[in-house]
Every structure is written in C-alpha cells, then in structure tokens.
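Below: one structure, written as structure tokens.
Bear in mind that the values in this text are calculations on the coordinates, not laboratory data. All values reported here derive from a predicted model rather than from experimental measurement. Cβ: placed from backbone, ideal geometry, glycine included. Neighbour counts: every protein chain shown.
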C-alpha cells in the first residue's frame, strides 16, 4: 500500500463498523450493567485510569482504553467497558450454575472498593439473567405474576428462539430482565442482551429531556402571555417613547427565550435521537406477543412515546415563540424606523427653511456690503482727488467722487456676483 496516498483516518473509519461487538453468551449467565454520565472535565481520562487500576488489582495486562471499548477477562467475571458521548457503560458478566439464583447479578466477584469509585453519575443499573428455557418455563413465569404485581412485559423474540420478561421496576437499585434461551446461538444471545441493555439505557437517557420540558413549559406560558400583552400595547402606543419602551421589553423577552433555546436544544435533540434508537433496537428483537401481556414495543408506545411527544412539542413551541417574538420585534422596529424617518424629514425641512432664511439674510448683507464697500471706495477716490486737485483742475474733487460712485458700485456688485457663482459651482 506504499504506492498510494492513504487517508490518515482510513483504518479508523473501517474499524468503526466493527466497534463494540456483542459478547457471546451461553446460558446460564448473569450480567450487571451500569451506565454513568460523564461529570466534570477529563471524565474519560479518569475512567481510563480507573480501568487500568482494575487490571493492576487483578494482575492482568493493562488494556488499551483509547479505542473506546475494552473487554477484560478476569476469570471469575468479564467486564465490557464502552465509551459513549454522554456516558460510559460497564457490563459485568459472570457464569453461574443452573441452580444459582444470582439475585445480586454479576457483581459478587468484582472488587467492592473499585466498584464504589467508578467515576461519573449513575444513570442506569440493571441485572440480566440469561437462563436455558425449560419446556414449561415461560408459562410458569407468566402464571407466577398475580393481579397486584407490577405489570409484566413479556414477549417471544428471535422467532420464538427466546423469551424476554421484565417490569422496568427498580428494586434494590436495579431493574431486571430475564431472558430464556431456547435455541439462540451464543452470538444471538449476546446481541439480544446487548439490545435489551441499549433499550433500557436509551429509554432513560431519552427521558432526561422530560423534566426540562416541564420546566420550560412554565417559562413558555409566561412568555406567551407577556408577548400577547406587548402586542396589545404596541397597537395602542401613543408616541415613540411608548414604542421604545415596548421594544426594550420585547428585546429582553427575546433574549430570555433565546437563552432557553440554547440551553435545551441539545437535550431535546438527544431525546429524539435516543427515542429512535429505542425503536430500532426493539424492531431488531423481532418480538411476538404473548397473550395477556404487553410487548416491549407496546410498553414504550404507551409510556415513553407521550413523554417524547411532550418534549418535541415543547421544542417546537419554543422555536415558534422565538419566531413570533422576532416578527413582533421586527414590526416594532419598522414602526420606530418610520417614526425616526418622519422626524428626520421634519428636521431636514426645518434645516431647509433655515437655509433659505440664511440665504435671504446673506443677500441682504450683500446689498449692505455693496453700499459699504462703495462708500469706502468713494472716500478713497475723494482723498486721491483732493490730493491731486491741482492736476485735475478745472474738475473738483467732489465731482470726481460723485462720478466714481456708480462705477465703484457696479464693480463691487459684479465682483460679489462672480464670487457667489464660483462658490455655487464648487458646491454642485
């Protein structure tokens, strides 16, 4: 391959489709699954260091957690660790004897101190018991549930090669699944259990958005009422000061809603994605209904779907409110801009009137200037004539001055007109 310019991520992208393979399982086995939300900075580094600590305590070769998934075989138990965007999962697997009840799952041989110090915040904890199916086992389990017990979710899976039983109730900190194997291959059993664990995980993670939806529901109700009041006030605004006050309140409301959108967009988007994954994993189980008991799909449609629909409705309602506030703000800004334009036109009209008055004053001043300059010019001529009266005889200084006055006035007037014309041409 040295002849080709290979993309640096070719190997990584190829390995991605093979990542997180299911662990082959053979009944009877028990599993304990723990999912921890990442908390704080460097959460993944702390988890990787914790895995290395477990391998040291067990005297095993250190794993390579950089790939995002690790399988540790400690003999008495196996541990499968997977790193996800929001959480990390720990699946402990222990083989048991057919007569072993194993109510505590697979955690018995795991070092207690190490389990207690797993980084993160626990979000999912479940026990799965994989048992071989006896001829009457499914019917016996169904018959053991009384009318006062929690509703039992039960279905045949993989073309009746197995059965799944659960009630999604948390007891002693764990939910529980019972899987009966009636012909599943080890890989089929591993995939089935992995799908059940993913259904439980994604179900809980999808519901993280539900408290957020209820919280912002109160905010949206208040904001919608305030927006309606602002629109009424905008219609009855008396002057620009009222409009500016309304615009300020609307801008504050828009900032509040946009802050809510920024805070909840990821959570609502993640809820929709997790919900789709729940549906996909249920479809992969190929369920068949057992009379008198809901399937996993029926349970999710009845219990999970309304919550997700509420989240989706709140997300749309929030986006719609943001758009309505933006339209109202734009309308109000248009009104304010029109008012400002009208005020500017009035100001320009006043400036035009003042310019005309100034021009008239200037013309008046020009007339007085002609008179004044002519007067001073005539005085200069008079003084010159008086000084040269012997040379101008028989003409008198007064006569020469009188004759010079019209000529001086004409020259001054023509000069001012030429100067004003030149200034007008430069301005144009």
Quick one: what do you get for segment 361-422 if you divide its Cα Rg by 2.2 N^0.38 Å? 1.33
How many angstrom lie between the C-alpha centres of segment 296-358 and segment 87-132? 54 Å
Cβ-derived FRET efficiency at R0 30 Å, residue 185 paired with residue 84, nearest 0.05: 0.65
Label zone at residue 97 (point 7 Å along Cα-to-Cβ), backbone N below 20 Å, segment 1-31: 26-31
Tell me, in nm to one decimal, what length is gained between residue 222 and residue 283 on full extension, where the rule is 0.36 nm per residue of separation less the Cα-Cα distance? 17.9 nm
Cβ density ranking, 10 Å radius, fewest first, applied to 246, 118 yields 118, 246
Once you put a point 7 Å from the Cα of residue 37 and another 7 Å from the Cα of residue 312, both along the Cβ direction, what distance in nm separates them? 2.3 nm
With a point put 7 Å past each Cα toward its Cβ, work out how far residue 319 is from residue 375 in nm, to one decimal. 8.3 nm
In the chain, what % of DSSP beta bridges are antiparallel (nearest 5)? 85 percent
State whether segment 232-367 is rounded, prolate or oblate according to the following rule on the C-alpha gyration tensor (a ≥ b ≥ c being the square roots of its eigenvalues): a/c under 1.5 gives rounded; otherwise a/b larger than b/c gives prolate, and the remaining case gives oblate. prolate
With each label point set 7 Å from Cα along the Cα-Cβ vector, what nm distance links residue 389 and residue 114? 13.4 nm
Please arrange 145, 376 by how many other C-beta atoms lie within 10 Å of their C-beta, fewest to most. 376, 145
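Taking R0 as 60 Å, what's the FRET efficiency between residue 272 and residue 364 from their Cβ-Cβ distance, rounded to 0.05?
Calculated value: 0.15.
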Relative contact order for the chain, counting Cα pairs under 8 Å that sit 6 or more residues apart, in percent: 14 percent
Quick check: from the Cα gyration tensor, does the chain come out rounded (a/c under 1.5), prolate or oblate? prolate
Residue 348 to residue 421: extension gain in nm, 0.36 nm per residue of separation minus the Cα-Cα distance? 23.8 nm
Quick check for you: which residues of segment 101-145 have the amide N under 18 Å from the point 7 Å beyond the Cα of residue 293 toward its beta carbon? 127-145
Over segment 209-346, what is the mean sequence separation of C-alpha contacts under 8 Å (at least six apart), divided by residue count, expressed as relative contact order in percent? 45 percent
1/(1 + (r/R0)^6) with r = Cβ-Cβ of residue 339 and residue 69, R0 = 51 Å, i.e. FRET efficiency to nearest 0.05, evaluates to 0.20
Tell me, how many Å apart are the Cα centres for segment 240-294 and for segment 381-423? 94 Å
When you count, for each residue, the other Cβ atoms within 10 Å and take the mean per peptide, how do 345-354, 316-325, 384-393 rank with the highest first? 316-325, 384-393, 345-354
Extension gain, residue 104 back to residue 356 (0.36 nm per residue minus Cα-Cα distance, nm): 80.9 nm
Sequence gap at least 6, Cα distance under 8 Å: using those rules, report the relative contact order of segment 20-205 to the nearest whole percent. 28 percent
Grab every C-alpha pair in segment 1-40, bin the distances at 5 angstrom width from 0 up to the longest one, and report whole percents. 5, 12, 13, 13, 14, 14, 11, 7, 7, 4, 1
